Structures are given as structure tokens and as C-alpha cells.
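This report refers to the structure that appears directly beneath it.
Since every read-out is calculated from the coordinates, none of them should be taken as a lab result. Given the structure is predicted, the values throughout are model-derived calculations rather than measurements. When we count neighbours, we look across all protein chains shown, and the Cβ atoms used for this are built from the backbone with ideal geometry, even at glycine.
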Amino acid sequence: MPKERIRLDELNQEKSVTPEDYKSQVKKLQLELLNMQLELLEKKIPVIIVIEGPDAAGKGGAIKRLTENLDPRILRVYSINKPTDEELARHYMWRFWTKVPPRGHIAIYDRSWYGRVLVERVEGFCTETEWKRAYAEINEFERLLTDDGTVLVKFWLHITKDEQLVRFKRRAADPYKHWKIGDEDWRNRKRWDEHIQAAEDMFEKTDTDTAPWNVIPANFKWYARIKTLKVVIRALAKALGK
């Protein structure tokens, strides 16, 4: 039976946590995650965490809470930007194969290979044939990883278009954060509907039993961070037989 199509604009964005609950839960969950990291190293289980979402959705904040108390020696965070000339000269998946973590290590991707069916599709950086073919290529890539014992956790942090505008304006006005906002962000915003369509198609084509998507309402940052931690811990606990 086919899965029901995910509609991003229909997400319940009213979910939140109190400041007190947030502070206590973050500390508890981070300690639990650290203990699991050491077990993963001992058992040589590699972990890949993919975090996607619209601009200003809170991806960086979620990654910070995931990593700030982990052992950095067995952890890598990759911010995936425009490919280099060397990467463009090869198949688009090549640069991700080179970033697959060693056994027992964790790799977190701030954006990922899904750019092929998201921004590259919308902006015309690849042909329609190429991005349509990419769904099967991505599913096979992820199947190879999970069959080999990798724990793969995929997130889409979602905010509404109105919330994105609030965050854009706040960043532009903050001298400590204005570097986070640029012309590309505003240009992407003008094509919001196309980006949403691409994301919903992506869920439909790549939400598999071995690598399902976790779509998190993220208008309330604290809720999204707690939820992200909990989902990762649940996936790692399963891999560790807990």
C-alpha cells in the first residue's frame, strides 16, 4: 500500500516546549547520546545523519545540540555547498562517497546528496533526466550503506514561509548574524512553492523502510532540537540492541 504523500504546509507547527523542560531535556539527551557514541565506536557501527530543510529552518542549531558534548575525534560535520571544479568533473555522488564515515564514527551532513533533487532540480543545475534518475541512485546508495551496517537517520526540518521571513529579517538586522543571510537566500525564497514541490516529491520517492524521512515541525526551535535528539537516540538504541 503506497504511503500517504507528506504535505509540508499541513504540518502542525504549534508544538513547543517550556524553557525549563528544554534545558533539562537537552542535558539529559546529550549525555545519553555521548554514552551511545562510545558504544558505537566499540562495536564499530558507523552513523550518518542527514539534515535538510528550507533556509533558516534551524539546521545549524539542531546540529550544534547534537554535537556540542560529543567526542570530536570520532565525529565529522560536513556543510555541503556548491561543488568544486574537481567534484563537478565527476559523478555528483563521488564527493559523498569520500565523506562516508569510518566504522564507529559519526558523520553529520548539513545538506547532502539530496541537493540533486532539491536545489539542483529547481535551479536547473542538472537536467530533468538527471534529477529524475537520481531518486533510484540515492536509494541504492543508501541501501548499500545500511546493508553494510550504517545507521542512517534523515531529517527534514520545516518552517512556514512566514516564519522564514521573520528569521531572515532578524538575521539581516543582527550584526552578529547578518553573515547568515545573502542574496541567494532571498532568491530561493521567491521560488518557495517550487522548493516545496521538490521536497514533497523527494519524500515520496526516497522514504524507504531502511532509510525513512523524519519530518520535524521547526517553527519552534527548541521543540525541533529536542525532537531531533530523541529521534537520533532512538535509532542508535535500536542499532545497539537496546
Which numbered condition trips up Ser16, out of (1) touching a Ser or Thr at 6+ places or on another chain (Cβ under 8 Å); (2) small (Gly, Ala, Ser); (3) not in a helix (DSSP H, G or I)?
(1)
Just name the residue that is surrounded by the fewest Cβ atoms within 10 Å (Cβ to Cβ) out of those in segment 106-130 that are aliphatic (A, V, I, L, M) and not in a helix (DSSP H, G or I).
Ala107
Can you tell me which residue within segment 70-100, out of those that are farther than 22 Å from Gly60 by Cα and charged (D, E, K, R), is surrounded by the most Cβ atoms within 10 Å (Cβ to Cβ)?
Glu87
Inspect segment 155-169 for any residue being over 24 Å from Leu8 (Cβ atoms) and not small (Gly, Ala, Ser) and give the result as yes or no.
no
Considering each residue of segment 90-116, count those that are under 29 Å from Trp186 (Cα atoms), among the hydrophobic types (A, V, I, L, M, F, W, C) and touching an Asp or Glu at 6+ places or on another chain (Cβ under 7 Å), and give that number.
1
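Restricting attention to segment 81-100, which residues are over 22 Å from Glu68 (Cβ atoms) and in a loop (DSSP other than H, G, I, E, B)?
Residues satisfying the conditions are Asn81, Lys82, Pro83, Thr84, Ala89, Arg90, His91, Tyr92, Met93, Thr98, Val100.
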Where Arg143 falls short, out of the listed (1) among the charged types (D, E, K, R); (2) under 21 Å from Leu236 (Cβ atoms); (3) under 16 Å from the mean Cα position of the chain (by Cα); (4) in a helix (DSSP H, G or I)
(3)
For Thr146, all conditions in the list (1) surrounded by fewer than 18 Cβ atoms within 10 Å (Cβ to Cβ); (2) in contact (Cβ under 8 Å) with a residue 24 or more places away in the chain; (3) farther than 30 Å from Lys44 by Cβ; (4) hydroxyl-bearing (Ser, Thr, Tyr) hold save one; what is the number of the exception?
(3)
So which of Leu66, Leu38 ends up being under 26 Å from Ile138 (Cα atoms), part of a helix (DSSP H, G or I) and of a type outside the set (Lys, Arg)?
Leu66
What's the number of the condition Thr208 fails, among (1) closer than 27 Å to Glu120 by Cβ; (2) over 17 Å from the mean Cα position of the chain (by Cα)?
(2)
Answer yes or no as to whether His195 is surrounded by 14 or more Cβ atoms within 10 Å (Cβ to Cβ) and out of contact with any Ser or Thr (no Cβ under 6 Å at 6 or more places or on another chain).
yes
If we keep only residues of segment 23-58 that are touching a Lys or Arg at 6+ places or on another chain (Cβ under 8 Å) and more than 21 Å from Leu236 (Cα to Cα), then the residue surrounded by the fewest Cβ atoms within 10 Å (Cβ to Cβ) is Asp55
If you check Arg76, Arg133, Arg103, which single one turns out to be more than 22 Å from Leu229 (Cβ to Cβ), not in a helix (DSSP H, G or I) and not aliphatic (A, V, I, L, M)?
Arg103
Residues in segment 97-117: is at least one in contact with a Phe, Trp or Tyr (Cβ under 8 Å, 6 or more places away or on another chain) and acidic (Asp, Glu)?
yes
